[in-house]
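Report on the following structure.
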């Protein structure tokens, strides 16, 4: 295992960093910062928004070694320190990016102002399923995942209503490095923080898609319950008609929920 390197994309208007509160946003497996394009545009006047890409996805280099989700969280902190050393920041992430957010809350809670975990959970899928997918993609490449991902990612009718963004997201999957994708699958196979949720003290928002079969609203509710059992503050919200990629499917709703939550919790 080795901490990977992740690269950032500025998603808010070009200006001197530090003038606005910092918001870091994370992707789901197979996507890139494209996932956050529209939601970030809605938040960019009030926040410096930085998106990061998973290893082998978008602009992040691939890796020759495996890593776990806790090491992804360490890599995000390193990324923040490279642009704003020691800064506290808001964080929002989807699916694997959301799992990384939970690890940030567990391991680096002192760095967070607030945490928004979207379409994710404290454990996702089964180890066997993830390891099988890792081997398939390592052998056949990421294009083999396009049809299944299109079915899992989007709520009913979204691809017909929004062909441009859905196409861009599926192209990001096609272009992802097979080895980086496979290492991400293996990280998810080993991810289970259900017993550690009570250690999260940063205010946490759980956003779920009502149509999400990967991380349904019940999963968000269980994470919120686990955090609250330890004395933390958490709230779970489900969005009607939304599947697994909430910031792309419902950017206005997600941006509004995040803005309200962040303003309530440290700007």
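The values are calculated or read from the model by the stated rules, or taken from the named source; none is laboratory data. Keep in mind that what you see is a predicted model, and the values were worked out from it rather than measured. As a convention, Cβ positions derive from the backbone with ideal geometry for all residues, glycine included, and neighbour counts pool all protein chains shown.
Here are the numbers for the structure shown:
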| quantity | calculated |
| --- | --- |
| Any chance residue 100 is over 25 Å from residue 260 (Cα atoms) and either within 15 Å of the chain's Cα centre (by Cα) or surrounded by fewer than 22 Cβ atoms within 10 Å (Cβ to Cβ) (or both) | no |
| Residue among 68, 81, 74 that is within 22 Å of residue 109 (Cβ to Cβ), surrounded by fewer than 24 Cβ atoms within 10 Å (Cβ to Cβ) and touching a helix residue (DSSP H, G or I) at 6+ places or on another chain (Cβ under 6 Å) | 68 |
| Residues satisfying the stated conditions in region 10-27, i.e. in a loop (DSSP other than H, G, I, E, B), crowded, with 20+ Cβ neighbours inside 10 Å and more than 12 Å from the chain's Cα centre (by Cα) | 11, 12 |
| Residue ID - surrounded by the most Cβ atoms within 10 Å (Cβ to Cβ), chosen from residues in region 28-57 that are closer than 14 Å to residue 251 by Cα and in contact with a helix residue (DSSP H, G or I) (Cβ under 7 Å, 6 or more places away or on another chain) | 35 |
| Tabulated pairs, region 223-241, first on the phi > 0 side of the Ramachandran plot and touching a residue at least 12 places away in the same chain (Cβ under 8 Å), second surrounded by 14 or more Cβ atoms within 10 Å (Cβ to Cβ) and part of a loop (DSSP other than H, G, I, E, B), C-beta under 7 angstrom, 6+ apart or interchain | 241/155; 241/211 |
| Residues (over 15 Å from residue 29 (Cβ atoms) and assigned to a helix (DSSP H, G or I)) located in region 153-170 | 158, 159, 160, 161, 163, 164, 165, 166, 167, 168 |
| Matching residues, region 103-117, being surrounded by fewer than 24 Cβ atoms within 10 Å (Cβ to Cβ) and either closer than 21 Å to residue 20 by Cα or without any contact (Cβ under 8 Å) to a residue 60 or more places away in the chain (or both) | 107, 108, 109, 110, 111, 112, 113 |
| Some residue of region 189-196 being touching a helix residue (DSSP H, G or I) at 6+ places or on another chain (Cβ under 9 Å) and without any contact (Cβ under 8 Å) to a residue 12 or more places away in the chain | yes |
| Test: residue in region 67-75 that is out of contact with any strand residue (DSSP E or B) (no Cβ under 7 Å at 6 or more places or on another chain), within 24 Å of residue 179 (Cβ to Cβ) and free of Cβ contacts under 8 Å to residues at least 40 places away in the same chain | yes |
| Per-region count, region 171-188, residues touching a helix residue (DSSP H, G or I) at 6+ places or on another chain (Cβ under 7 Å) and either touching a residue at least 40 places away in the same chain (Cβ under 8 Å) or part of a loop (DSSP other than H, G, I, E, B) (or both) | 12 |
| Top-ranked residue in region 191-203 [being more than 14 Å from residue 232 (Cβ to Cβ) and surrounded by fewer than 21 Cβ atoms within 10 Å (Cβ to Cβ); ranked as nearest to the chain's Cα centre (by Cα)] | 192 |
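Matching residues to (1) closer than 19 Å to residue 116 by Cβ; (2) surrounded by fewer than 19 Cβ atoms within 10 Å (Cβ to Cβ); (3) modelled with pLDDT of 95 or more:
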{"position": "164", "(1), (2), (3)": "no, yes, yes"}
{"position": "169", "(1), (2), (3)": "no, no, yes"}
{"position": "180", "(1), (2), (3)": "no, no, yes"}
{"position": "189", "(1), (2), (3)": "no, no, yes"}
{"position": "205", "(1), (2), (3)": "yes, no, yes"}
{"position": "218", "(1), (2), (3)": "yes, yes, yes"}
{"position": "223", "(1), (2), (3)": "yes, no, yes"}
